[in-house]
1. In whole percent, how big is the carbon plus sulfur part of the accessible area of the chain, probe 1.4 Å, protein atoms only?
2. Among Leu92, Leu19, Leu30, whose mean-square fluctuation peaks in a Gaussian network model of the chain (Cα, cutoff 10 Å)?
3. Let me test this: with uniform point scatterers at the alpha carbons of the chain, what is the Debye-based log₁₀ I(q)/I(0) at q = 0.21 1/Å?
4. Rank-order 83-91, 10-18 by packing density, defined as the average count of other C-beta atoms within 10 Å over each peptide's residues, highest first.
5. Among the helices of the chain (complete DSSP H runs), which have Cα atoms covering no less than 20 Å along the helix axis and a Kyte-Doolittle mean of at least -0.5?
6. What accessible area per residue comes out for the chain, rounded to a whole number of Å², with a 1.4 Å probe?
7. Amide H neighbours of Leu39 under 5 Å, counting only residues 5+ apart in sequence or on other chains, H built in-plane at 1.01 Å?
Amino acid sequence: MQGLVLGAGCSRPANHHVLGHLALALAERLDTLIDFDGLLSYPAPRDDTGDEASLDQARALVASLPGRVAEVSYDTGGGGRWFRHVRDVKFLAAWLQHPGFHLVK
């Protein structure tokens, strides 16, 4: 298994825009999935919050967009379990056009 990590070192809307489109271009070219290291939601819930309302909101948002999404659980540093979304190219293209994408901080 191999992976490519993209990062900007800051978290502004312009950075998310550039990284999103770069990830889309690379995923299309490499025919791969995209792991965003967390749940797709706005605002994004933090690890190990146990916030079921945030989880439900993230699941509803994901269900509203086309493409494939896998919800992957993992152990958190606090001893709990939380989730991350892994998405396909079709999903990422739709998310980049979604009004909620522009709300991500």
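1. On the way: 3730 of 6870 Å².
Percent of accessible area from carbon and sulfur atoms in the chain: 54.
2. Leu30
3. Those come out to -1.25, one per q.
4. Numbers: 83-91: 18.0, 10-18: 12.1.
Result, highest mean Cβ count within 10 Å first: 83-91, 10-18.
5. Correct list, ordered by number: 13-30.
6. Here the residues of the chain average 65 Å² of exposed surface.
7. His85
The values are calculated or read from the model by the stated rules, or taken from the named source; none is laboratory data. None of the values given here were measured: they were computed from a predicted structure. With ideal geometry, Cβ positions are generated from the backbone for all residues, glycine too; neighbour counts draw on all protein chains shown. What goes into the accessible areas is simple: the full protein's heavy atoms, side chains included, and nothing from ligands, DNA or RNA. Shrake-Rupley method; radii C 1.70, N 1.55, O 1.52, S 1.80 Å.
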